[in-house]
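S.K.: Take a look at the following structure, please.
The values are calculated or read from the model by the stated rules, or taken from the named source; none is laboratory data. In this text the structure is predicted, and so the values were computed from the model without any measurement. No Cβ is skipped: glycine too gets one built from the backbone with ideal geometry, and neighbour counts run over all protein chains shown. For the accessible areas, the whole protein counts, side chains as well, though only heavy atoms, and no ligand, DNA or RNA atoms are used. Shrake-Rupley method; radii C 1.70, N 1.55, O 1.52, S 1.80 Å.
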Amino acid sequence: MISHHAVEIALTRPATDDELCRARRVVALASDTSRTRLLALQRAKTPGRAVRALRQRLKAVLPIDVLTTHYPDQQGRVLLNVALSPSTQTTVRQAAAAHGQRPRDFLSQAVTDAVARHREKRARHLTSRLEELLGEHTPEELLLCAARTLLSRPHRRPSGTCASAPS
């Protein structure tokens, strides 16, 4: 069954007016204000086919960096489509062969590992910063500071919550 797949397009630089105009002749696009991220719907049987078809349709029109599926699959993963230079492709193939993997599996694991390392590094940084603050201030002072900060900001609803319907 053919369905529509939402695909995010990350550009290497902001798109010009002419590039966006030409791209919109090929496919309907939504753009963010910085013109570096676009969203498109692509008809295809699978998300992978949608991403590949969209790259084929837009590669001569836009400076595409990365295409990703907008919605995660059932395992919580998004599909990334990155155009690699020939030399990078060779390097990836050689590294994958050395690990006894297909290049796509090797890249998938490398990206997953890099994201995990980044999360761990960030968590360590936040923990050390909190320990530093606790060394300089009492827990009560930190709580008071946090409360002042939250109360001084414009009222924003946390993401993922809905406003109740007015009565």
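S.K.: Could you grab me the full set of residues in region 47-62 that are exposed (fewer than 14 other Cβ atoms within 10 Å of the Cβ) and touching a residue at least 24 places away in the same chain (Cβ under 8 Å)? Let's see the steps before the verdict.
M.R.: The initial filter retains those residues of region 47-62 that are exposed (fewer than 14 other Cβ atoms within 10 Å of the Cβ), namely 48, 56, 59-60.
48, 59, listed by residue number.
S.K.: Further, regarding this structure: Taking the conditions exactly as written (in a helix (DSSP H, G or I), of a type outside the set (S, T, N, Q) and either touching a helix residue (DSSP H, G or I) at 6+ places or on another chain (Cβ under 7 Å) or on the phi > 0 side of the Ramachandran plot (or both)), does residue 53 satisfy them or not?
M.R.: Numbers: in a helix (DSSP H, G or I): yes; of a type outside the set (S, T, N, Q): yes; either touching a helix residue (DSSP H, G or I) at 6+ places or on another chain (Cβ under 7 Å) or on the phi > 0 side of the Ramachandran plot (or both): no.
So residue 53 fails the test.
S.K.: Now for a separate question. If I filter region 106-136 down to residues being touching a helix residue (DSSP H, G or I) at 6+ places or on another chain (Cβ under 7 Å) and within 30 Å of residue 89 (Cβ to Cβ), which single residue comes out as surrounded by the fewest Cβ atoms within 10 Å (Cβ to Cβ)?
M.R.: Ranking the qualifying residues of region 106-136, first place goes to 107.
S.K.: May I pose another question? If I go through region 19-44 residue by residue, how many of them are out of contact with any Ser or Thr (no Cβ under 9 Å at 6 or more places or on another chain), open to solvent by less than 50 Å² (accessible area, probe 1.4 Å) and of a type outside the set (A, V, I, L, M, F, W, C)?
M.R.: 3
S.K.: Looking at region 72-87 only, could you name the residues that are exposed (fewer than 10 other Cβ atoms within 10 Å of the Cβ) and either over 19 Å from residue 12 (Cβ atoms) or modelled with pLDDT of 95 or more (or both)? Give the steps one after another, and end with the answer.
M.R.: To start, the set of residues in region 72-87 that are exposed (fewer than 10 other Cβ atoms within 10 Å of the Cβ) comprises 74-76, 85-87.
Result: 74, 75, 76.
S.K.: Kindly indicate which of 90, 16 is β-branched (Val, Ile, Thr) and either open to solvent by 70 Å² or more (accessible area, probe 1.4 Å) or more than 20 Å from residue 109 (Cα to Cα) (or both).
M.R.: On the way: 90 fails: either open to solvent by 70 Å² or more (accessible area, probe 1.4 Å) or more than 20 Å from residue 109 (Cα to Cα) (or both).
Going through 90, 16 in turn, just one is β-branched (Val, Ile, Thr) and either open to solvent by 70 Å² or more (accessible area, probe 1.4 Å) or more than 20 Å from residue 109 (Cα to Cα) (or both): 16.
S.K.: Among helices (runs of 4 or more DSSP H) lying entirely in region 65-153, which contain 1 or more residues that are touching a residue at least 12 places away in the same chain (Cβ under 8 Å)? Walk me through how you get there before you give the answer.
M.R.: Numbers: elements: 86-98, 103-136, 139-152.
Fully inside region 65-153 and qualifying: 86-98, 103-136.
S.K.: Residues being open to solvent by 60 Å² or more (accessible area, probe 1.4 Å) and more than 21 Å from the chain's Cα centre (by Cα): count how many of those fall in region 1-13.
M.R.: 2
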